[in-house]
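Read the figures in this text as sums done on the coordinates, not as results from a lab. Worth saying up front: this structure is predicted, and the values here are computed from it rather than measured. Methodologically, a virtual Cβ is constructed for each residue, glycine included, from the backbone with ideal geometry; neighbour enumeration extends over all protein chains shown.
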Amino acid sequence: MNSPIPRPGKIVAIHLNYVSRADQRGRRPAAPSYFFKPASSVAGTDGTVERPAGTELLAFEGEIALVIGTAARRVSADEAWSHVSHITASNDLGLYDLRANDKGSNVRSKGGDGYTPLGPVLIDAALVDPAALRVRAWVNGALRQDDTTAGLLFPLPQLVADLSQHFTLEPGDVILTGTPAGSSVIVPGDVVEIEVDAPDSPDVPSSGRLRTTVVQGEVPFDPALGSLPAVDDLQRAEAWGSRESAGLPAEGSCESAGLPAESSREAAAPALSPELRAKLTAAPTAGLSAQLRKRGINACVIDGVAANRPGLKLVGTAKTLRFVPGREDLFASHGGGYNAQKRAFDAVAEGEVIVIEARGETGSGTLGDILALRAKARGAAGVVTDGGVRDYDAVVEIGLPVFSRGAHPSVLGRRHVPWDVDVTIACGGATVQPGDVIVGDGDGVIVIPPSIAEEVADAAIAQEEEDAWIAEQVAAGHPVDGLFPMNADWRAAYEAAKERR
């Protein structure tokens, strides 16, 4: 290995940090989020990286790497840069075939041997302006990425200060600061070069070109040891940078497969396993909401909606539909024919919940009995709308679970224009993304990020069992003081009761 930093103590990488990349992905994070990479992933220049057998989506990401020079713990943004000794180039390589299974941790998808080339030259951080650095990437000599730190969502000193709030950054630790638009798939034989420089600084200090050649691996993953690589069109589009670059048809089109639009939805694997669906059905929304709050997610409730009949339980993954405020010319162009509303109900997959953004407007219906019948026939788990429902009694009779703000006799065009399907929406004050987990009951409807749905469900069920035992003690005449919440003595009694069961 010829890396200038052969064995960092920690490698911390940010998920999204360039405006160009965030806009390409269609989402701008409100705050930075991170993942760790193992020190064994470090490589130097003029090395090789293996694309494992049976995979297709190895992608490069040109990045600026920060090297910590002096320990930083709870430092301010103003003083953070003084703790950075050097900067250099990095290639934050990732295997998208493993990305979905990693659920954001990137342990396997970005932790492979050789997946963090660094170097070749260290630039003295004291000689450059962190707001005026440039990163460029070439594949086989063609320029693919070219951006500067002026295009960052979160400035480099902020990353150092933010991370130092949570743990000590130690000398030799490396922070990978994000990649701009232009990252794409590379194949065996490709040569990737990354360079970081400071074009506005005297003598234009440069990292030199960090060069990596892709080679084909021969050893497949063992299905007896873990989940296997798997790709879908979402991963292909994100790995290549766009659907067009990946050779995919435009969003919502199925021409390449020769299928009607609804058929492509049926081919998708369900997001909820039967086991997780059963757990979420057993867990009350109040308990799930409490567990989300413990994990720092408070904006999880779709406010103002109620079930169309008592005793309903709704569990599914979100398929989103967005209405914009009514305008006569826009309704003429988008409201008739095979509009977004009809497409959503025609394409909803089994187990999905159609979640409708109606802006809390209750002065017209957002669905009626015909669309409810269509959703029921498709196997939809239900509908959530922060607007009204037309043909309310008929929809109840159909038996499709619907959570809404009540009944209204008017048709859609009075207040709404159907606009988008499968986009991030706001419903009842909550942000909902396609694929989010939706759970509803008599207490209301909540939104759960899919990456933590199982963890939250398990914790909510465990809390329900504890609360049920506490209720038994209260019913037996015990005071709530010290019991709810339990003190050490009651906790010991509860644990003993669990063991007896």
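Residues whose amide H falls under 5 Å from that of T320, counting only those 5 or more places apart or on a different chain, are V355, D422, V423, with hydrogens built in the peptide plane.
Over segment 1-54, Cα pairs under 8 Å with separation of 6+ residues give a relative contact order of 48 percent.
The number of Lys pairs in the chain with C-alpha atoms less than 17 Å apart, excluding pairs fewer than 8 positions apart on the same chain, is 9. Amide H contacts of I302 (H built 1.01 Å from N, in plane; Pro and chain starts excluded): V445, I446, V447 sit under 5 Å, all sequence-distant by 5 or more or on other chains. Among S184, V219, G316, whose Cα lies farthest out toward the positive end of the dipole of the chain, if unit charges sit on the beta carbon of Lys, Arg (+1) and Asp, Glu (-1)? Working it through, the farthest residue towards the positive pole turns out to be G316. Counting every Cα pair in segment 66-146, what percent are over 16 Å apart? Above the 16 Å cut-off, segment 66-146 has 66 percent of its Cα pairs. Computed from Cα positions, the angle between helix 488-500 and the longest principal axis of the chain comes to roughly 80 degrees.
Oblate is the label for segment 22-78, because the ratio a/c of its alpha-carbon gyration tensor axes (a ≥ b ≥ c) is 1.5 or higher and a/b is not greater than b/c. Using C-alpha pairs under 8 Å with a sequence gap of at least 6, the mean separation divided by the residue count of segment 359-501 gives a relative contact order of 17 percent. Across the chain, Cα pairs under 8 Å and at least six residues apart give a relative contact order of 14 percent. Only one residue of H86, G363, S404 has its Cα farthest out toward the positive end of the dipole of the chain, where Lys and Arg carry +1 and Asp and Glu -1 on Cβ, and that residue is G363. The chymotrypsin sites (Phe, Trp or Tyr not before Pro) found in segment 306-397 that occupy coil by DSSP, while having at most 15 further C-beta atoms within 10 Å, are Y338.
With the Cα gyration tensor of segment 1-130 giving a ≥ b ≥ c as the square roots of its eigenvalues, does the rule (a/c under 1.5 for rounded; else a/b larger than b/c for prolate; else oblate) give rounded, prolate or oblate? The shape class here is oblate. Working note: Karplus 6.51/-1.76/1.60 with θ = phi - 60° gives segment 136-143 the couplings 9, 9, 10, 10, 6, x, 9, 5 Hz, where Gly and Pro are set to x. Counting only DSSP beta bridges whose two residues both lie in the chain, roughly 70 percent are antiparallel. For segment 116-195, the C-alpha radius of gyration divided by 2.2 N^0.38 Å, with N the number of residues, is 1.25. Computed over the Cα atoms of segment 269-309, the ratio of the radius of gyration to the Kirkwood radius (Rg/Rh) comes to 1.03. Think of each Lys and Arg Cβ as +1 and each Asp and Glu Cβ as -1; about the Cα centre, that makes the dipole of the chain roughly 640 debye.
Relative to the longest principal axis of the C-alpha atoms of the chain, give the angle of the C-alpha long axis of helix 369-378, reported between 0 and 90° and rounded to the nearest 10°. Helix 369-378 and the main axis of the chain meet at about 60 degrees.
Candidate values [x] 19; [y] 42; [z] 32 were compared with percent of Cα pairs over 37 Å apart computed on the shown model; the agreeing label is [y].
Can you pull the Kirkwood radius for segment 300-384, inverse mean 1/r over Cα pairs, to one decimal in Å? When all Cα pairs of segment 300-384 are included, the Kirkwood radius is 13.9 Å. Given axes a ≥ b ≥ c from the Cα gyration tensor, I'd like to know whether segment 1-49 is rounded (a/c under 1.5), prolate (a/b larger than b/c) or oblate. Prolate is the answer for segment 1-49, as a/c is 1.5 or above and a/b outweighs b/c. Ordering A394, G351, S206 by Cα displacement along the dipole of the chain toward the positive end leaves A394 in first place; charges were set at the Cβ atoms of Lys, Arg (+1) and Asp, Glu (-1).
For V417, the amide hydrogen comes within under 5 Å of the amide hydrogens of V324, G326, counting only partners 5 or more places away or on other chains and with H modelled in the peptide plane.
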